[in-house]
1. What is the spin-label model distance, in nm, from L159 to K191 if the labels are put 7 Å beyond Cα along the C-beta direction?
2. For I25 and N125, FRET efficiency with R0 = 41 Å and r from the beta-carbon atoms, rounded to 0.05?
3. Measure off 7 Å from each Cα along the Cα-to-Cβ vector at F73 and D137, then give the distance between these two points in nanometres to one decimal.
4. Set the bar at 30 Å for Cα to Cα. Now go through K81/K113; K83/K121; K11/K69; K121/K149 and name every pair that lies beyond it.
Amino acid sequence: MIFGQSKLELKVGIFVFTGLLILTIFVLSIGDFKTMTTGYELNFIFNFANGVKIGAPVRFAGVDVGEVKEISFVTGVDNPKPKVRILCLINKDVKVPVDSSIWVNTLGLLGEKYIEIMPGKEYNNTLAPKDTLVGIDPIPMQDVSALAKGIAQNLNEGLLKILNKEGTVGKLLYDDTVYKELEALVIDIRKHPWKLFWKGKEKPEKK
């Protein structure tokens with residue numbers, strides 16, 4: 001009796017284990033199955049990927065149409081500097097014109113990176129599966145910070161010159177001589193408006 005019960009439990013255990021194994025294989029392969037049945041692959045080349053990760057969305061004219069499947073480095077004979085190749089899965093119903101613009105964009109407040117495709121106009125000439133398109137490199141945050149720092153430094157220097165009564169703006173704000181000269185010029189023009197047309201010349205005499 002005990003031997004028969006143990007044999008039944010063994011069969012049930014094998015059945016359950018087999019079912020779990022099949023379910024696991026199905027879950028792991030469903031991504032590859034989706035790739036083969038619902039889309040095609042395109043390669044996008046960048047010098048700087050700005051933190052794009054595998055699984056990031058791909059948008060076409062602002063609509064989700066795919067995802068990033070693979071990220072790798074590529075080099076060429078003419079240019080040994082490594083570039084970033086981003087392999088994307090695109091919905092089979094979406095046709096990407098060859099003159100489209102590709103860049104890395106930021107999604108929401110959390111800063112998630114994704115691939116943005118702005119469609120071009122050549123819909124009679126679209127990318128085929130496995131084709132490659134060069135993207136527009138995003139500006140590194142370091143360059144943005146350096147630019148902002150340079151602008152702030154220039155503003156500080158300009159304000160310092162104004163406070164020190166230097167430069168044209170500083171003299172206009174703090175030097176009364178400029179006001180007096182402008183006032184004298186305005187009064188002179190009101191009295192002799194012809195000087196606006198005959199600059200540096202005497203008023204022509206009437207015959």
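1. Using points 7 Å along Cα→Cβ, the separation is 4.3 nm.
2. My answer for the efficiency is 0.50.
3. Output for this residue pair reads 1.5 nm.
4. Where the Cα-Cα span goes over 30 Å, the pairs concerned are K11/K69; K121/K149.
Where a number appears in this text, it was derived from the coordinates with a stated rule and is not lab data. It should be emphasised that the depicted structure is a prediction, and the values quoted were computed from it without experimental measurement. Ideal geometry is used to build each Cβ from the backbone, glycine not excepted, and the neighbour counts take in all protein chains shown.
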